[in-house]
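Scroll down for the structure; my scribbles are underneath it.
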Amino acid sequence: MKVLTSYSDGIDHCMASKYFSIAHLHKESGVLSMHSHRCYEFNYSISGERTFLIEDNNYRVEPGNLFMINNHEKHQVIQMDSTIPHERYTIFIDPSYLKSISTPLTDLTYCFTHRPDKFSHRIALNQGQQRRFTYYINKLSAEEGFGQDVEERSVFAEFMVFVTKLAMDASAGDETEDQRQYFNSKVADIITYIHHNIDSPLSIGEIAAHFYLSTSYLCRLFKKGTGTTINSYITNRRIELAQTLLSGGYSVNEVYLMCGFNDYSNFFKAFTKKTGISPKKYAQNSLS
C-alpha cells in the first residue's frame, strides 16, 4: 500500500476506496479546526508534543501515544510552541470494511464503538508495543507484488486484532491517573473562550476574571492541562489563524487586526519567530 503524506489525502483515499489508508505526516497539514469525517481514525505519535482535543476531552500527546477516534467524534490537534516536528502515522478505516472483517466472536470495531463512562481515547504504548505497531505499518506499506492484496488484508486484520486487544486491556484494567484521559472541563472551556475571542486583545487577567479564577491558578491549570503557557497558546493560535487568512488572500494589514494583535510590530515579530518568514513573504508564497 502506498503511504500518503497528507492528512486530507488519507481521508479522501479511504472514503473513495471504502477500505483503509495510511498517512505518514511530518508536519502540521495546514490549520485544521475541530472536524469529523466518515472514517475511523488511529493517530499514532512518533515525536513532538501537542494537545489533542477530542469532543470535550483534552489530552497531552506524547511519543508512543495511540488515539482512537470514531466517525462521529470531532477532534483537533493543537500545535504548541515546540521546535520538534509532530511526526505521526494516521490510519483511516472505512467503518463498513472493518465491520465486514469482524466476526460474532471478534468485533474489530471495538476501538471505535466502545465508549464507557471512563473511556480514554488514548493508549500509551510501551516500547515492545511501539515496535510491534511499527512492524505492522512497515508490513502494510511493503512494495506491491504477487499476492500483495491478499497479504495486505491479512496483515491489516492481524493489526486490528493487536490494537483491539490493547484497547480491551486498557478499559478492563485499573487505570492510573496518567493513563486516563488528560481531560479538564475548565481547560476545555478556557480554550473555547480563547478561540471565540482570538480577535480581541486577550489578557490573562481578563480570562481569569471571566472564569472567576485567580491569575496564578489559571496559569497553573492551563499549563497542567495543555503542557504550555496560556500566553504561548494564545500567540500560537493567533499565528495559525494568520497563516490561514494570509493563504486565503487577506492583506497583511487586515490580518494582524483580525488576529488580535495590537500593532503590526508585535505581529511581525511573533509571526517571523514562529514561521521563520515574514508575513508578506508567507502571503506571496501561499498565493504563488
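A few notes on this one:
- Rolling a 1.4 Å probe across the protein heavy atoms gives the chain an accessible surface of 52 Å² per residue.
- Packing-based ranking, highest mean first, of 49-57, 132-140 given that Cβ atoms within 10 Å are counted: 49-57, 132-140
- Selection from Val150, Cys39, Leu108 lying farthest towards where the dipole of the range 29-158 points positive, charges on Cβ: Leu108
- The phi-based Karplus calculation (6.51 cos²θ - 1.76 cosθ + 1.60; θ = phi - 60°) puts the 3J(HN,Hα) values of the range 118-123 at 9, 5, 10, 6, 10, 10 Hz, whole numbers, x for Gly and Pro.
- Helix 7-17 axis versus longest C-alpha principal axis of the chain: approximately 40°, rounded to the nearest ten.
- Percentage relative contact order, the range 129-288, counting C-alpha pairs under 8 Å, at least six apart: 17 percent
- For the listed residue pairs Lys139/Lys165; Lys18/Lys99; Lys74/Lys281; Lys74/Lys118, the alpha carbons are over 22 angstrom apart in Lys74/Lys281.
- The label-point distance for Thr229 and Phe119, in a model that sets each label 7 Å from Cα toward Cβ, rounds to 3.8 nm.
- Global form of the range 1-122, assessed from the alpha-carbon gyration tensor, a/c cut-off 1.5: oblate
- Among (1) 19.2, 75; (2) 23.7, 89; (3) 20.6, 66, the entry derived from the coordinates for Rg and Dmax of the Cα atoms in Å: (3)
- Using C-alpha pairs below 8 Å separated by at least 6 residues, the relative contact order for the chain is 17 percent.
- In summary, the lysines within cross-link reach of Lys186, defined as a Cα separation below 16 angstrom excluding same-chain residues under 8 places away, comprise Lys223, Lys224.
- For Phe268 and Thr215, a Förster radius of 30 Å and the Cβ-Cβ distance give a FRET efficiency of 0.60, rounded to the nearest 0.05.
- For the peptides 16-22, 42-48, the ranking by packing is 42-48, 16-22, with the highest mean count of neighbouring Cβ atoms within 10 Å listed first.
- Whole-Hz couplings from phi, Karplus 6.51/-1.76/1.60, listed for the range 204-210; x for Gly and Pro: 4, x, 5, 5, 4, 5, 4
- Listed residue (Thr226, Ser17, Asn266) projecting farthest to the positive dipole end of the chain, Cβ model: Asn266
- Here the chain is assigned +1 on the Cβ of each Lys and Arg and -1 on the Cβ of each Asp and Glu. Its dipole about the Cα centre then comes out at about 600 debye.
The values are calculated or read from the model by the stated rules, or taken from the named source; none is laboratory data. Source: prediction; values computed, not measured. Backbone-built Cβ (ideal geometry, glycine too); neighbour counts: all protein chains shown. Note: accessible area is taken over every heavy atom of the protein model, side chains too, but ligands, DNA and RNA are not part of it. Shrake-Rupley method; radii C 1.70, N 1.55, O 1.52, S 1.80 Å.
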